[in-house]
Structures are given as C-alpha cells and as structure tokens.
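J.: Got a structure for you, questions after.
The values are calculated or read from the model by the stated rules, or taken from the named source; none is laboratory data. Everything numeric here is computed off the predicted structure, so don't read it as measured data. Neighbour counts are summed over all protein chains in view; Cβ atoms, including those assigned to glycine, are modelled from backbone coordinates with ideal geometry. Just so you know, the surface numbers come from the protein's heavy atoms only, side chains and all, with ligands and any DNA or RNA stripped out. Shrake-Rupley method; radii C 1.70, N 1.55, O 1.52, S 1.80 Å.
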Amino acid sequence: MRTPQSKALAAALIAVLALPIAGCARNRAKSDLPYVARDVGTLYSTARKRLDQGRYKEAAVLFDEVERQHPYSVWARRAQLMSAFSYYLNRDYTESIQSAQRFLSVHPGNRDAPYAYYLVALSYYEQIRDVTRDQKITLQALNALGELTRRYPNSRYASDARLKIDLVNDHLAGKEMEIGRFYETRGQWLAATLRFRTVIDKYQTTTHTPEALMRLTESYLAVGLPDEAQKATAVLGANYPGSDWYGQAYKLMQKHPPQAVAAVAPGQPVVPVGTPGSQNMSLPGESGTTTPKAEAPAPPTPVAPSGGTNGAPVPTTETPTT
C-alpha cells in the first residue's frame, strides 16, 4: 500500500519530467508555422502585408508557405523570389541566398533571374568584414557579382554590380596591404614584397596602389636591391607625382642612391682577389695569386696477363710495400 508521501514524490517527478517536453513543444510552435490550408490569394496578400509592415521574418515564412501549399501555382514562383527578398531585409543572408538559388535552379531562364543573382551577390556583399578578418565572404561576393555581370551585362543591376566589384577589389587590396605591413614590422622583407607585388599586379586600379609602390621601395632597399627600388619610385612618380607616397619614396631614394659598379675587364675575376668571404681569398703569408688545383692522376693502363684459364684474364694481386 502506497503512503501519501510516496504519491506526492511520484507526482513531483512526473511534473519535472514533463517540463522539458513542454519546453520543446513551445520551441517548435515558435519556429514552425502550423499547416493551415488557405487559398493562394489569401496567403500571398497576407505575406505582402507583413512585408509592408516591416515584419520581414513573418513575411518570409508566409511566402514560403505559398510555395509549400501551392507549388504549381503561378504565385509560387513569385513567392520564392519575395521570400529571398524578405530574408535579405531581415538580414538572414544565408536563408536569402538559399531561397534565391532555389529559384534559379527551378527557373534558370526566368525574366527575374538577374534579380535573383543580384540578391545572392548582395547577401554576400553585406557580410563583408574588415580587413583584419578572413576574406572568404569577400571572395564569394566578388564571384557572385562577376557572375551577374557576365550573364546579364546589360541588365539594370549590372551597373551597380560593377561599382561593387571595384569596392570589393579595393577591400581585397587593403587586406594584402595589411598583411604586407605586418611582415614589414617583423623584418620579413621578402614576404612583404610578395604582398605588395600582388597589389600592383592584381589590384592596380585601387586606391592602395601608391602606398604599395612606396612600400616596395622600402622593401627593395631593405634587401639590397636599389635598382628595383628606383624602378618602383619611377613608376610611382609617373602615375602619382603629387602624392605624399611619392614624396616619401623620393626621400628614401635620396638617402640610398644606387651606386654604379665599374665594368670588369675581360679576363679578370668578377670578385677581386682578397675579398673577404670569397673562394679565391688568399691565406696569410701566401701571395695574392691562387694556386691551380691539381688534377687527379689518370688510372694506370691495365696490362694483359700472359695466360689464364679458357682465355679469361687472371687477376693479379699486389703486395703492399711497407
């Protein structure tokens, strides 16, 4: 027979176990819209009203519901695109990209396809971070913008995409400059030179080109290449003659001018005899001329033995002299 105390403990245990289940049910109710059959006109107009009210998340869910309940309706195609737009306004960029890409996979030749590509590019573009962070999203934005301009160069969105491509390239050049300056502070001049050369070769139309040329001058002088430093300064002066970067590079070249090296006469060694660290440096007490290396003696000519078994040569043994 159960006591009243055991009954109370059992009731308390059941209540504690029921709390997580109730919590999960509430979470599902918040995240999942319950299926209520409605006509396509009511769903679409309700979603559009939520969008106009600034309730972008609710609008996106309702537009998705149009596609779920009426997948073969004419409004389902439009609802896919409006869903991607609503997610974009709500800053759910991953959801926006997925909705737009789903629209493109089902309707690749639709007249609204340029706008879907534009939404994908914008969703990547809005996630670009500062130059101190990883730039994977920046590269994805560049690829998406390039895809739009290649497929639809004359669309109404192409001009804005080209402008954003210039901004993205400037951002990527800034990342290269940030890494190059970091290498400079650590004295890793070769690594810094490679970063600055990347800016000159790939992003030469960006705003970072003058600084990159000046930093190249610094790096070349640091590694002992004054001629290359002079070339970088000359390019900087020809393209940006009035910039502060050219003024700094010019002052550096005035402090470290390249020195002309006398031509070597025919028959003379390139490195003078006695130069410290050279292979032909004479030892103390020796003359300045180098002694030619002795050549290895030629091997002795083998002498044919007088006889042997079946005409085979008989090996001869020599007794070493003591």
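J.: Mind ranking 56-62, 83-89, 242-248 by how tightly packed they are, going by the mean number of other C-beta atoms within 10 angstrom, highest first?
T.: Packing proxy ranking, top to bottom: 83-89, 56-62, 242-248.
J.: If packing is taken as the average number of other Cβ atoms within 10 Å across a peptide's residues, how do 209-219, 100-110 rank, most packed first? Present the calculation step by step, with values, prior to reporting the outcome.
T.: On the way: 209-219: 24.1, 100-110: 15.5.
Per-residue Cβ counts within 10 Å, averaged per peptide and sorted highest first, yield 209-219, 100-110.
J.: Of Lys202/Lys251; Lys175/Lys231; Lys136/Lys251, which sit over 32 Å apart, Cα to Cα?
T.: Result: Lys136/Lys251 exceed 32 Å.
J.: May I pose another question? For the stretch 160-227, what is the accessible area per residue in Å² when the probe is 1.4 Å?
T.: Working: 3320 Å² over 68 residues.
Roughly 49 Å² per residue, with all protein chains present.
J.: Also, I was wondering about something else. Pulled fully out, how much extra length does the chain show between Val40 and Asn239, if you take 0.36 nm times their separation in residues and subtract their Cα-Cα distance?
T.: Values: separation 199, 0.36 × 199 = 71.64 nm, distance 6.14 nm.
Extra length available between Val40 and Asn239 comes to 65.5 nm.
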